[in-house]
Amino acid sequence: MKTTLPSIGASECLLRMYDEKHEIEDYQKGVPRWCTGCGDNAILTAVQKLCRDEALAPEKTVFVSGIGCSSRLPHYMNTYGFHGIHGRAFPVAEGVKMARPDLKVFVNTGDGDCCSIGAAHWIHAIRYNMDMTVMLHDNQIYGLTKMQASPTSPIGTKSNTTPRGSYLEALNPLTVTLGISNVSFVAQVVDWIPDVLYQVIHAAYHHKGFSFIRIIQRCPEWLPKLMDPWLHDPQRVMLLHHENGLQISPSLAKVYTRMEEHDPSDMNRAREIASSIDPIPVGILYRDDDIPCYEETRHDSKLRTTSLIKKGLEAELDKFTIWPEGGKPA
Amino acid sequence: MEANPKQKIVFFLTGRREGTGLEPVTKRLRPALLARYSDLTALRFDFPVLLNEKGGTADSVLSLSALVDRASEEMGSDRDRIAKHGYRIEHQIRKDLSDKGAGDFTVMWESAVKRATTQDDDLLRDSGDRLFKAFEASGRLVDVDSQLPVALIQHAWGAVQAEKAKAFREKADRLLFKLKEVLAAEIVGSAAGRTPEKLKAGVGASFADSFDFAALSKILVESTPGSSLTDERRRRIQRLIQVLESQKFYAREGEQGYPFSFTSSSEALQAYQQRHEDAVELVKALTIAELESKGDYHEATHSALFEGFGANGLDASELSQLPDYLVCTDSHRLDAAEMSHIVELLAANVPIKVVIQTDDVLEPSIVAEGHVALGLRARTLVDIAIGLSDVFVFQSAASQLYRKRESLLGGLSYPGPALFSVFSGSNDHTVGIPPYLVAAAAVESRVFPSLVYDPSAGEDWASRLNVDDNPQKDSDWPSHTFSYEDEKLQSLSETFSFTLADFMAMDDRFYRQFSVAPKSEWANGMISVPDALDRKWTGVPTEVPYIALVDDQGRLQRAVVDDRTLLEAKRCRTMWHSLQELGGIHNSHAERMLALERKARAEIPAAPMLVAEAAAPLAPAAPAAAPAAAVEAPAPETLAEECHGDDPYIETARCTTCNECTQLNAKMFAYNENKQAYIADPDAGTYRQLVEAAEGCQVSIIHPGKPRNPKEPGLEDLIKRAESFM
């Protein structure tokens, strides 16, 4: 960041106040501890780029996560962050948004965090449709605990908990999300096409409501070869484009020639596309801008004036004050 | 609270509030654009400033923030820590100054260091000490208040005079030394200077008995003729020495000199007239002494010339050797006699610097209730002074005095009369708003525009008159983006202009000319003041002008502006247009010429080639040709790829920031502004590293190219491995 204090500058006119402008590095905090080659890095870069391009004020931005490799992301963002408890990223994020609708809320969750222990919260979070951008980092394995099968692991995945290969068909986060009432934005991307990853996160950020992005990502440590067939064969990736969806750049179209025009308002086609595992559909599957957001439905009409905020803050700080005998003076 | 459109229109036209829908403006409201400046002590800006007693004229006025920034830069590896502590101390000083207005810098800094230290914090104390040592400055620290304009200008004037005094003393001492030498030489060379006693005294006690001084005296007197001055010359030199030694214009330490700082022009005029003879005498003495010291004074030529020296007054360059007169006065003391004296002094081209401080630019006009004089007296003087052509004119609000200090010092050093008109921002009517903000708002609202007229800057108006320090000088009113949150705490932004109406809304005498409208009425025929100024209503208007205000709870409000205020805003804009035009902006003559030129050009038939180019997209044959060209022309990406040749490269746009390559060699591979990898320096590592990076890259976007060092071991194998990435 350019300054630590709001500044007019030593020889600036008063009303031309210093506008803080941030570069990607300004949103970076600490050194990511993810493995080299991990797709989480690509997601981190994409959200940092979004923060820079949208000039998001760090003090007005919050990243909430649960537990897992992906959930370390708030640590690497120089914004507010909440590294929550396993499976509970959504309730925390909902609380934040309810209390502070002025904040831009992002949720980073993994396939274990969201689709296993947090599944119930996930389903209701979709139904609540609160304005937040949700990134499901789906590497199809529990990475932080060193390779156990997750709900999205493909059938036959050999892991520490399924040494003979997993027995169940993988859960499809897209079809689940599209099946819940009040769903308002569903997209899928892969971490190895950064242009599309950014575009979709950008569109999700601008969507008013619960914007769910499943990001298929590589785990170079525990499933290093899993995505190779898709990675090395662009024909196995299907780009969804539409005037209300993804715009494909000419250079991208040269590499990824398999494309389909898909209107994101078409729920039936979205569900059909969501079922496809190979090719991997990439783009915005569904969006409906008219679904009401829960925080607005339950909006408290009381204005947050400076005196109200001060009163609330003082009440909170009073909790930590040691009062003289007889309690707080009147 | 409910209002109907009729109530707003009635208020706009008559200033009367009917019913209960419209609320009067109170001191709880201030212009929306000032909302972010509710606590100036938390901001870093030009003020307070130090009236520095160390250093030269250029460093006579220093900003506290600039001092801290400058000193922090010199702190080497501790820079960040010391700068942060410096900001805390600065913050504390601003808080202290907001209570008492001014104080000694050393005392205030030490006190602020103590007060900023919440507990035993040795590091903060260390930072405070090191910063203060690096400042190498001392003096009074002053904030914007009613004392500032005079205090600051007086201090800067003092610094300029000190430099003049230094130059004068050097010159006078040199001349005195030479004049005395001339007299001494005459005595030494005369018979009286060669007596045996004098010669004996000249060699000292050690050789007092070594010579026959009587014989020596005889030889000297007889062998070398003595030289002697004419009586007239001796008297002239003695007179010069007396004038230079007894002058009171530049008094030496401990001596009583003439005062040069006055509070009224009549006092200054009187003093000037009383000292005129002395001034002529001194300037004459300096001129003759210069000639005498070089032996260039010829009585036959010069005596007659100097006889009537100064009879026609002294010119500017002669007067510039003497101190300037400073008159500091308030605009409310500018009665007809005082104004007349000032104009006379300025017109007489005497070295006088007049400072007019204005505390109230909205004083009521004698014309009618609700109308304002817009700083009439000071403005009139400025207009007259500019009209005199050779007067340096400086007009500024107190908030800009620091940033315009170079112009200010230029005016104080100007060898002729100068007028300084400064708006202090300090009055009893802008309740609760710091003078700094009021002063800055006066410049923003064009009611007290910033200008410098420097007769020495050039021959034409454009060179002499400078209005560049006005915000958005090309516009009628400065506009700023105002960001806020709505009831649902969602971010919104609008653009507001800061007009005279906004400035008037800060003043309790004009509260009644504004009415706060309920939010339900906002979308109903309310337009901004700049838009309203351009409307030409016939009959009863259907829209009313408004300004945006915020209350003490941070809530955005809109206040309807009455017709009188709109009229004043129009007048203010007209005056600003005149100044713009004088300053070379939207010059009416130039714009008329431009319009004529455009018209003339439009009438010239277009050249055939231009017609063909313009018609090409519409020509029926074009579509057929265009695709062919598109097919043949290589895409920009293809071109870019082809350009790499044998050099290694990365398809940066496809990089997933996975850190593989950067961890292999951070000098060879680096991230760009989008945090995507590129080859920063292909020679910063080996070809082996390039090939290994290409193999390790999960998205296969690294192309190692050809080896750059033919002597690298194992090249054959590496080239083979690199083939799949070509």
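Read the figures in this text as sums done on the coordinates, not as results from a lab. Remember, predicted model here, so these are calculated numbers, not experimental data. Note: ideal-geometry Cβ built from the backbone for every residue, glycine included; neighbour counts use all protein chains shown.
What to note about this one:
- Multiplying each eigenvalue of the alpha-carbon gyration tensor of chain B by 5 and taking the square root yields semi-axes of 64, 47, 31 Å, largest first, rounded to whole angstroms.
- Modelled this way, with points 7 Å down the Cα-to-C-beta line, the labels at B:LYS133 and B:THR574 are 6.3 nm from one another.
- Segment B:93-141 and segment B:222-288 have their alpha-carbon centroids 46 Å apart.
- Using a simple spin-label model with pseudo-atoms 7 Å out from Cα toward Cβ, B:ALA590 and A:GLU314 lie 5.7 nm apart.
- Given their separation in residues at 0.36 nm each and the Cα-Cα distance between them, B:ALA336 and B:ALA162 gain 59.3 nm when the chain is fully extended.
- Cα pair distances in segment B:37-121, grouped into 10 Å bins until the bin that holds the longest one, percent each: 17, 48, 31, 4
- Note on A:ILE309, A:ILE273, B:ILE93: ascending count of other Cβ atoms within 10 Å places them as A:ILE309, A:ILE273, B:ILE93, the fewest first.
- Spin-label pair B:LYS114/B:LYS6, simplified geometry with 7 Å Cα→Cβ offset, distance in nm: 6.8
- Look at the stretch A:62-71: the mean tally of other chain Cβ atoms within 10 Å of its residues' Cβ atoms is 0.
- Ranked A:HIS206, A:HIS22, criterion: other C-beta atoms within 10 Å, fewest first: A:HIS206, A:HIS22
- When each of A:LYS146/A:LYS225; A:LYS49/A:LYS104; B:LYS54/B:LYS100; B:LYS488/B:LYS519; A:LYS302/B:LYS519; B:LYS473/B:LYS570 is checked by Cα-Cα distance, pairs over 19 Å: B:LYS54/B:LYS100
- Between helix B:213-223 and chain B there is an angle of about 80 degrees, using the helix long axis and the longest principal axis of the Cα atoms.
- Rounded Å value of the spacing that divides the Cα centres of segment A:140-210 and segment B:418-483: 60
- Inter-chain Cβ neighbour count for B:480-488, averaged per residue, equals 3 (cutoff 10 Å, partner chain atoms only).
- The angle separating the long axis of helix B:231-246 from the principal Cα axis of greatest extent in chain B is about 50 degrees.
- One quarter of the surface of the convex hull around the alpha-carbon atoms of the protein assembly as shown equals 72.5 nm², the direction-averaged projected area.
- Neighbouring Cβ atoms from other chains, within 10 Å of the Cβ of residues in B:35-47, number 4 on average.
- Nearest-0.05 FRET efficiency for B:ALA300 and B:GLN273, computed from C-beta distance (R0 35 Å): 0.50
- With R₀ fixed at 41 Å, the C-beta to C-beta distance from B:ALA42 to B:GLN663 puts the FRET efficiency at about 0.45.
- Close Lys pairs in segment B:106-186 (alpha-carbon distance under 22 Å; sequence gap of 8 or more, or different chains): 5.
- The C-alpha atoms of chain B define a longest principal axis, and helix B:122-135 lies at about 50 degrees to it.
- Under 17 Å from B:LYS720, Cα to Cα: aspartates and glutamates that are on another chain or at least 8 residues apart: B:ASP646, B:ASP647, B:GLU692, B:GLU695, B:GLU712
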